[in-house]
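Below is one structure, written out as structure tokens; comments come after it.
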Amino acid sequence: MKKPEQDKFFIQSINRALTIVDAISKSKDKGLTLTEISERVDLHISTVYRILQNLIAWNYVKEDEDGGYILGFELITLGNAAKNNIGLQNLAHSYLIELGNMTGETIYLAIFDEINNSVMYVDKIDNKGNIKLAAGIGTRNQIHSTANGKVLVSGFTDEKIKSMLEHTGMHANTPFTITDPEKFLDEIRLVRDRGYAIDNLENEAGVRCVAAPIYDYRKKVVGSVSISGVESNVTIEAIENKLKPMLLSTTGNISKELGYRKS
């Protein structure tokens, strides 16, 4: 997100460079032409070109054979360094692998992105079948339509949740997505009461998820773990009788590692 120009620490050239990197990252693997970048970041082509040359020198951006600009390999190094610095991800990873082995489903570790008011996935264990869920490490998702989102905001006040929803909106991803703020708050109260959340085909057609919170020593929700799979595998009955106990055991163990104690 761009730093506001009125901020006393605002540096225009750095802000522009990061805005260009962000724009290229959202083009996925096809890259962007110079003109496309110029249009997306609302800067003159000559300005964009000069910044790109500096980014290329650092290998943060590279020009492909078709003349498009894509992210450079140096960002992989930076990404891996950032990943290794995420304490929660490092601590939780072995537990996620174990949970994936036990369930055979896709496991996500998520945190709350305070800047974008969204879910961010910081680790993922793919399922053992042929069906691969699209969301990957580093991607974001909506609060209101995901089990992880419900869990991550469950520690917030109702007023704060309402304010976030006003900002993000409540887009209907499927016919089952909750799009009414009051109904969503009812769902959050249920999450607080039972200690886990269900995405009942609300975010992606044919996919059901169950998530539970990770607490730290302050008894604060600092992350969530989810089990996701096709609706024929992850049934409500399977959640209640099989998956929920495994999930709560996993999040409980991770929370203990972070110093969480119930009493």
Margin query: Take residues that are modelled with pLDDT under 95 and open to solvent by 70 Å² or more (accessible area, probe 1.4 Å) and tell me which of the helices (runs of 4 or more DSSP H) falling wholly in the stretch 143-237 contain 2 or more.
Written below: 158-168
Check: Restricting the first residue to the stretch 248-263 and requiring it to be assigned to a helix (DSSP H, G or I), which pairs with a second residue that is open to solvent by less than 60 Å² (accessible area, probe 1.4 Å) and acidic (Asp, Glu) meet a Cβ separation below 9 Å and a spacing of at least six or different chains?
Finding: Ser255/Asp216
Next item on the list: Considering only residues that are open to solvent by 100 Å² or more (accessible area, probe 1.4 Å) and under 19 Å from the mean Cα position of the chain (by Cα), look in the stretch 20-33 and name the one that is modelled with the highest pLDDT.
Entry: Lys26
Notebook entry, point to check: Do we have any residue at all in the stretch 110-117 that's outside any loop (DSSP other than H, G, I, E, B), touching a Leu at 6+ places or on another chain (Cβ under 6 Å) and more than 15 Å from Gly223 (Cβ to Cβ)?
Noted result: no
Notebook entry, point to check: Within the stretch 3-19, how many residues turn out to be at pLDDT below 90, under 24 Å from the mean Cα position of the chain (by Cα) and surrounded by 12 or more Cβ atoms within 10 Å (Cβ to Cβ)?
Noted result: 1
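Yes/no matrix, rows are residues, columns are (1) without any contact (Cβ under 8 Å) to a residue 60 or more places away in the chain; (2) open to solvent by less than 60 Å² (accessible area, probe 1.4 Å); (3) at positive phi; (4) of a type in the set (Asp, Glu):
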site: Ile70; (1), (2), (3), (4): yes, yes, no, no
site: Phe73; (1), (2), (3), (4): yes, no, no, no
site: Leu91; (1), (2), (3), (4): no, yes, no, no
site: Ser94; (1), (2), (3), (4): yes, no, no, no
site: Ile115; (1), (2), (3), (4): no, no, no, no
Next item on the list: Residue by residue through the stretch 34-61, note down the ones that are crowded, with 16+ Cβ neighbours inside 10 Å, in contact with a strand residue (DSSP E or B) (Cβ under 8 Å, 6 or more places away or on another chain) and under 23 Å from Leu78 (Cα atoms).
Entry: Ile37, Leu52, Leu55, Tyr60, Val61
Notebook entry, point to check: Quick check: anything in the stretch 243-250 out of contact with any strand residue (DSSP E or B) (no Cβ under 6 Å at 6 or more places or on another chain), over 20 Å from Glu114 (Cβ atoms), aliphatic (A, V, I, L, M) and open to solvent by 50 Å² or more (accessible area, probe 1.4 Å)?
Noted result: no
Margin query: Looking only at the stretch 34-68, filter to residues that are farther than 24 Å from Thr139 by Cβ, among the aliphatic types (A, V, I, L, M) and assigned to a helix (DSSP H, G or I); which one of those is farthest from the chain's Cα centre (by Cα)?
Written below: Ile45
Notebook entry, point to check: Based on what the data block shows, is Ile227 within 18 Å of the chain's Cα centre (by Cα), in contact (Cβ under 8 Å) with a residue 12 or more places away in the chain and more than 21 Å from Ile97 (Cα to Cα)?
Noted result: no
Notebook entry, point to check: Within the stretch 122-142, can you find the residues that are open to solvent by less than 40 Å² (accessible area, probe 1.4 Å) and within 21 Å of Phe176 (Cβ to Cβ)?
Noted result: Leu133, Ala135, Asn141
Check: Asp64 versus (1) open to solvent by 60 Å² or more (accessible area, probe 1.4 Å); (2) of a type in the set (D, E, K, R); (3) on the phi < 0 side of the Ramachandran plot: which is the lone unmet condition?
Finding: (1)
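The values are calculated or read from the model by the stated rules, or taken from the named source; none is laboratory data. Remember, predicted model here, so these are calculated numbers, not experimental data. Heads up, the Cβs are rebuilt from the backbone with ideal geometry, glycines too, and the neighbour counts pull from every protein chain shown. The protein model used for the area step is the full one, side chains on, heavy atoms only, and it has no ligands, DNA or RNA in it. Shrake-Rupley method; radii C 1.70, N 1.55, O 1.52, S 1.80 Å.
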